Amino acid sequence: MTHQHSKKILGLALSLALVVTGAFGFFSKTASAATFPVYRVAGIWANSADTLLVIINGKLTKVRIIGIDAPEATSRANTKKGCYATQAKNVLRNLTRGQFVRLESDPKLPDKYSDGSLLRYVYINANRDVGATMILNGAAKEYMYQHKNYTWRSWYKNLQTTAYNSNRGIWSSSICPMNR
């Protein structure tokens, strides 16, 4: 197969992935992206795949993604907490690297997380929900902050069930058997 044919096949596969992504509900059910400002992703937080560094008004701002909890890189890799931490960070990095993000608060939750970071839903490519994508890929689990229900919780829980039943990421019996 020539390099040109490989490029065409890759392009078709990516197009199909975008169609499938839309069909599986990765897109927000909220207001249009035009009503919210967008910000540049500066990088992911050093120890976690559930927190981003975003440039807001020229300042680095820590943003905790609503509804997810990802394995911590500071844990030992063979513990339940640390299993899949590096892979989860790579999933978040690949989703958000070089992207502009739209941040959205949830009226059911406080404005800030316990560490002072903003507590927000994060969207890329207009309406692709980063938290939902992380859960469906098995790179994070659904998480309810301070026992407060949030708007998309039932949807996130359904995505987690799909990831679990599909043996993805942190739910993989071969990668993180302690989570099964």
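Derivation of every value follows stated rules applied to the coordinates shown; laboratory data play no part. Computed from a prediction, not measured in an experiment: that's the story for all the values here. Reconstructed Cβ throughout: ideal geometry from the backbone, glycine too, with neighbour counts over all protein chains shown.
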- request: Assuming a ≥ b ≥ c are the square roots of the Cα gyration tensor eigenvalues, decide whether the range 74-156 counts as rounded (a/c under 1.5), prolate (otherwise, with a/b larger than b/c) or oblate.
  value: oblate
- line: Ranked output for segments 151-157, 173-179 by mean other Cβ atoms within 10 Å, highest leading, reads 151-157, 173-179
query: Once phi is turned into θ = phi - 60°, what whole-Hz ³J(HN,Hα) does the Karplus curve with 6.51, -1.76 and 1.60 give for every residue of the range 62-68, x standing for Gly and Pro?
result: 7, 10, 8, 6, 5, x, 10
Restraint check, LYS59/LYS112; LYS108/LYS148; LYS59/LYS89, Cα-Cα greater than 19 Å: LYS59/LYS89
query: At a Förster radius of 25 Å, what calculated FRET efficiency corresponds to the Cβ-Cβ distance of ASN47 and SER114, to the nearest 0.05?
result: 0.95
